[in-house]
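The values are calculated or read from the model by the stated rules, or taken from the named source; none is laboratory data. It should be emphasised that the depicted structure is a prediction, and the values quoted were computed from it without experimental measurement. Because the Cβ atoms are built from the backbone with ideal geometry, glycine has one as well, and the counts that use them run over all protein chains shown. Note: accessible area is taken over every heavy atom of the protein model, side chains too, but ligands, DNA and RNA are not part of it. Shrake-Rupley method; radii C 1.70, N 1.55, O 1.52, S 1.80 Å.
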There are 2 protein chains.
Amino acid sequence: MAKPVLMVGTTDSFPSIEYASGFRAPDPVVFLKSGTENFLVVPQMEFGRASRTEKTVTVFTPETLGLEGTARGRLGDWTFGLLRKLGIKTVQVPVLFPHGVAKYLEKRGMHVFIAKHDLFPERAVKSSDELRKIMESQQAAVIAMRAAIAYITASEIDSAGYLRARGKIVSSESVREIISRILFEHNCMPKDVIVAGGAQAADPHEMGSGPLYAGETIVIDIFPKNLSHGYWGDLTRTVVKGAASSFMKRIYHAVKAAQQVALSRVKAGVNGSTVHRSVINAFRRRKLLGNHEDRSTGFIHSTGHGVGLSIHEAPSVSTAEGRLKAGNVITIEPGLYYPGIGGVRIEDTIVVTNSGWRYLVPCEKKFEI
Amino acid sequence: MAKPVLMVGTTDSFPSIEYASGFRAPDPVVFLKSGTENFLVVPQMEFGRASRTEKTVTVFTPETLGLEGTARGRLGDWTFGLLRKLGIKTVQVPVLFPHGVAKYLEKRGMHVFIAKHDLFPERAVKSSDELRKIMESQQAAVIAMRAAIAYITASEIDSAGYLRARGKIVSSESVREIISRILFEHNCMPKDVIVAGGAQAADPHEMGSGPLYAGETIVIDIFPKNLSHGYWGDLTRTVVKGAASSFMKRIYHAVKAAQQVALSRVKAGVNGSTVHRSVINAFRRRKLLGNHEDRSTGFIHSTGHGVGLSIHEAPSVSTAEGRLKAGNVITIEPGLYYPGIGGVRIEDTIVVTNSGWRYLVPCEKKFEI
């Protein structure tokens, strides 16, 4: 039998705890999976809430484990207490498992193995219930994206090249405000929405600030997390108000074509690295790959990632090897970046099927608006 | 000289990275503090953003560390590459440091010590800029609390005992909606707001759901995190629409009195455990302390916690020893809980001063409304 799986932390740090137990922990808890059984150690004040989750899990508290005094307040003792109670001496843990707890267990005679593989590979294959939840977040992203693009489309270009809506300057902030409001209305976290214009968009994670101008590429990346069930969506579009430069037109069409090439490869059984290589080759053919050594210019990130209870989770669509499976939810998001000039990224979130893939929620693509 | 401090993870997992470097990392990064110098290793795509923070920090990428091949994608190699570059062989890490990275460093000849103390104790003493940020979040909590209580106050009690506003049933959800909207308008994360009525409020972290009734205690706990600067606020009130039972009146007044007792003890130089004990003694005198063994009834949590970039941070106002300092921001939040019946909690967030304390943002207390 596989070694019992141990995790210690919040569910933000270890979403697999929430996945397996149904319990969302704002403060650190101990989670153990032994065979098909799940166990939690939670503070006494969380006992009722942890006992009412939809999943089958045996819940302990420091008190029911028989801990006394200061041991009641220490995660190491909670963990040791649980393992002792269950007669377990050997566990496997994820790479990010707390070092302090691992050392404490080892000092008390336990064997702690760092797993080389994903401890919950089943998370990468979504159930229909999970697909429904991700679609709900993706739907919010699509509605917000349409509203943002409609707002920019309806703006006017003033004599200085600023975009104006009803006289007011259109900025990263004003577009983000529109998006955030819609995410909020859909019970999603309005956090870290990217609206980056011009040179700002050359940093893929730059959120963007200040006025938006005619003729520059504007990258809009919306990744809502539903506040009730915790599943994410992910969607990026790049638009230009007015006329784009011929260089940026070339870039946009290269990115759009690369996304199509990648999508045409996606299918259960295909290696994620094959999909990623198809993007690299598409950019290389157009001489747009960039310098792989400095990695600040051209295609500087991977092609995509899994989406679920984490915004970045398995499977990776990158140089990493691994076959896609039916039920994987992944992004396909090639991009090209030019420091001092700008960037273009197009991203959709899709579900892998046996015959190919389908959109979770489709969203049209426009460039010059 | 103290050993260099090493952390590896996201800034959600290790807020001290953001505190020290000014960089918010959605994906894991490597952070090192050696003497007064700060270092970061970030993915190449984050290099520009990390280089532009307000704090002084030297930023590396896997590429500028000279890593090749698969080492460019591994946090262990990033960390080892940084330590090698700086000629560092010994580091100290927090308890929650990733075990996988620690073991990898040890295998390559590094010495990794788990710190027994807080590695950024300075975080517990807030600067005026930090106080301003926490006040901003606390202000949002106060405005949202007033709106929620006004809504419940204005509701009517129907013949079945439900609360109704303009004919519609008042529920945990409808109150939470009002609060969340205001938090959102104040650029705060509208997450996990607690509106728990009756027996639900006997679990301190139960969010609450369903209709609210006349005569039951309703615990409202609002803890907004500002989406721009990341600092939290924290505020709890307990109200009853209509007449409370004489038992719950007694409980409410005991909690309110215990909070006053605790506040009267708060001052720089006083031990946090002294403040906590004053609450225990106040409840004991009224024979309301509860069973400390099963800890499901009575006073089942600590008196308070620090608030800053984390919602729960140092200093603790609990059995843990440690003197309060001027500039600490703490909650004082005694509560009493009765399974099957309900709970009462009153919480304010205050700043400790040399002569006592002051509210960050005061908020009135009402019970029967």
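Is there any pair with a first residue in segment A:200-214 that is farther than 19 Å from A:ALA165 by Cα and a second that is assigned to a loop (DSSP other than H, G, I, E, B) and of a type in the set (Ser, Thr, Tyr) whose Cβ atoms are under 9 Å apart and which are 6 or more apart or on different chains, and what are they?
A:GLN200/A:SER209; A:ALA202/A:SER296; A:ALA202/A:THR297
Within segment B:2-23, is there a residue that is within 13 Å of chain A (Cβ to nearest Cβ), β-branched (Val, Ile, Thr) and under 24 Å from B:GLU130 (Cβ atoms)?
Scanning segment B:2-23, I find at least one residue that is within 13 Å of chain A (Cβ to nearest Cβ), β-branched (Val, Ile, Thr) and under 24 Å from B:GLU130 (Cβ atoms), so the answer is yes.
Quick one: which strands (runs of 3 or more DSSP E) lie wholly within segment A:32-106 and hold at least 2 residues that are under 28 Å from B:LYS103 (Cα atoms)?
Result: A:37-41, A:90-93.
Residue by residue through segment A:42-69, note down the ones that are in contact with a Pro (Cβ under 9 Å, 6 or more places away or on another chain) and either more than 14 Å from chain B (Cβ to nearest Cβ) or of a type in the set (Ser, Thr, Tyr) (or both).
Within segment A:42-69, just A:THR61 meets the criteria.
Can B:ARG176 be described as open to solvent by 20 Å² or more (accessible area, probe 1.4 Å), in contact with a strand residue (DSSP E or B) (Cβ under 8 Å, 6 or more places away or on another chain) and closer than 29 Å to B:ILE341 by Cβ?
The answer is yes for B:ARG176.
Looking at this structure, is B:VAL255 open to solvent by 30 Å² or more (accessible area, probe 1.4 Å) and at pLDDT 95 or above?
no
Which condition does B:ARG72 not pass, out of (1) open to solvent by less than 60 Å² (accessible area, probe 1.4 Å); (2) modelled with pLDDT of 95 or more, if it passes all the others?
(2)
For segment B:180-203, indicate whether the set of residues that are among the basic types (Lys, Arg), more than 10 Å from chain A (Cβ to nearest Cβ) and outside any loop (DSSP other than H, G, I, E, B) is non-empty.
no
If you check A:GLY215, A:GLY161, A:GLY167, which single one turns out to be open to solvent by 10 Å² or more (accessible area, probe 1.4 Å), within 15 Å of A:THR238 (Cβ to Cβ) and either more than 14 Å from every other protein chain (Cβ to nearest Cβ) or among the hydrophobic types (A, V, I, L, M, F, W, C) (or both)?
After applying the criteria, what remains is A:GLY215.
Looking at segment B:21-38 only, could you name the residues that are surrounded by fewer than 24 Cβ atoms within 10 Å (Cβ to Cβ) and either within 18 Å of B:GLN92 (Cα to Cα) or of a type in the set (Asp, Glu) (or both)?
Answer for segment B:21-38, where residues must be surrounded by fewer than 24 Cβ atoms within 10 Å (Cβ to Cβ) and either within 18 Å of B:GLN92 (Cα to Cα) or of a type in the set (Asp, Glu) (or both): B:ASP27, B:LYS33, B:SER34, B:GLY35, B:THR36, B:GLU37, B:ASN38.
With the requirement that a residue be under 20 Å from the mean Cα position of the chain (by Cα) and assigned to a helix (DSSP H, G or I), what does segment B:256-278 give you?
B:GLN259, B:ALA262, B:LEU263, B:GLY272, B:SER273, B:VAL275, B:HIS276
Which residue is surrounded by the most Cβ atoms within 10 Å (Cβ to Cβ), if the candidates are limited to segment A:106-137 and must be within 14 Å of another protein chain (Cβ to nearest Cβ) and basic (Lys, Arg)?
Out of the qualifying residues, it is A:LYS107.
Can B:VAL41 be described as open to solvent by less than 40 Å² (accessible area, probe 1.4 Å) and either at pLDDT below 90 or in contact with a helix residue (DSSP H, G or I) (Cβ under 6 Å, 6 or more places away or on another chain) (or both)?
So B:VAL41 fits the description; yes.
What's the number of the condition A:ALA314 fails, among (1) in the same structural domain as A:ALA144 (by TED's automatic domain parsing); (2) surrounded by fewer than 18 Cβ atoms within 10 Å (Cβ to Cβ)?
Among (1) in the same structural domain as A:ALA144 (by TED's automatic domain parsing); (2) surrounded by fewer than 18 Cβ atoms within 10 Å (Cβ to Cβ), the lone unmet condition for A:ALA314 is (2).
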